[in-house]
Amino acid sequence: MRAFRLIFSRDVRASVVRVAECEPDTGAVGRAFGDEYLESLMKNEPRSRAESLCGALLLLSLTEEFGLPPGTIVRGESGKPRFEDAGMPGFSISHDGGLVLVAVNLKGNAGADVTLCGRIRPENAEKMAARCFSPEEARLIASTPAEEKAELFSVLWADREAASKYFGGRLAEGFGKPLPDNLIYRRFGIIDGDTAACATVCLPPAPPERAAP
């Protein structure tokens, strides 16, 4: 599996892979994270199932890089997956158009989203921004040159999706509201052949530094 790794800090890593370069191994997923989690992935339609299985394998790879053992994955009340053992890291999995992104945070929660650029037509970006984004974000897209509207929309959409996954809520609950300002947003772009995507990883703010005695 040829994956692209990102190291944000000693405790936070992310990985991106194309589904076409990932061999879905249901046995490895079940052994690592439990049969119940595997069964939940297998209920997806075929394309989403392949992306979900690749996400699980990326998560396994990242936990192994950190020297951690596998752990049972359960779903919270909102449906967000998490490790049953509270001592295991926080993680988030996202996929879109054959790209899969996984982020792992040893010291807390994480939210991640990958969104293909060009999902929305430039002429529709303003209308959708007015419906889904905060007034400030909608004005920003409205004032952006036409050829850049779709890409900016994708960046802001990835931010919103990642924040939603961080908190474990529904995306629509945040429509029309400003993005939470109590998170760190790590943004990056992905270009692979003719595929371009925007990605965001949301992390908790760094703890305040202690004053010197």
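Are any of the residues in the stretch 145-161 more than 29 Å from F4 (Cβ to Cβ) and modelled with pLDDT under 95? Yes: one or more hits. Here E64 meets each of (1) free of Cβ contacts under 8 Å to residues at least 60 places away in the same chain; (2) within 21 Å of R5 (Cα to Cα); (3) surrounded by 14 or more Cβ atoms within 10 Å (Cβ to Cβ) with one exception, condition (3). Check whether at least one residue in the stretch 39-46 is touching a residue at least 12 places away in the same chain (Cβ under 8 Å) and of a type in the set (K, R), and report yes or no. No, the stretch 39-46 contains no residue that is touching a residue at least 12 places away in the same chain (Cβ under 8 Å) and of a type in the set (K, R). When each of S52, S164, S92 is tested for being assigned to a strand (DSSP E or B), among the hydroxyl-bearing types (S, T, Y) and in contact (Cβ under 8 Å) with a residue 24 or more places away in the chain, the lone residue that passes is S92.
Among the residues of the stretch 83-92, how many are within 17 Å of D11 (Cβ to Cβ) and touching a strand residue (DSSP E or B) at 6+ places or on another chain (Cβ under 9 Å)? So the count comes out to 6. Being surrounded by fewer than 21 Cβ atoms within 10 Å (Cβ to Cβ), in contact (Cβ under 8 Å) with a residue 24 or more places away in the chain, among the hydroxyl-bearing types (S, T, Y) and over 13 Å from A103 (Cα atoms) is a condition met by at least one residue of the stretch 68-75. Can you spot a residue in the stretch 134-142 that is within 12 Å of the chain's Cα centre (by Cα) and β-branched (V, I, T)? No, the conditions are met nowhere in the stretch 134-142.
Within the stretch 39-74, the set of residues being touching a Phe, Trp or Tyr at 6+ places or on another chain (Cβ under 6 Å) and of a type outside the set (A, V, I, L, M) comprises just one member, G71.
The values are calculated or read from the model by the stated rules, or taken from the named source; none is laboratory data. Because the structure is predicted, anything quoted here is derived from the model rather than measured. A quick note on method: Cβ atoms are made from the backbone with ideal geometry, for glycine too, and the neighbour counts reach across all protein chains shown.
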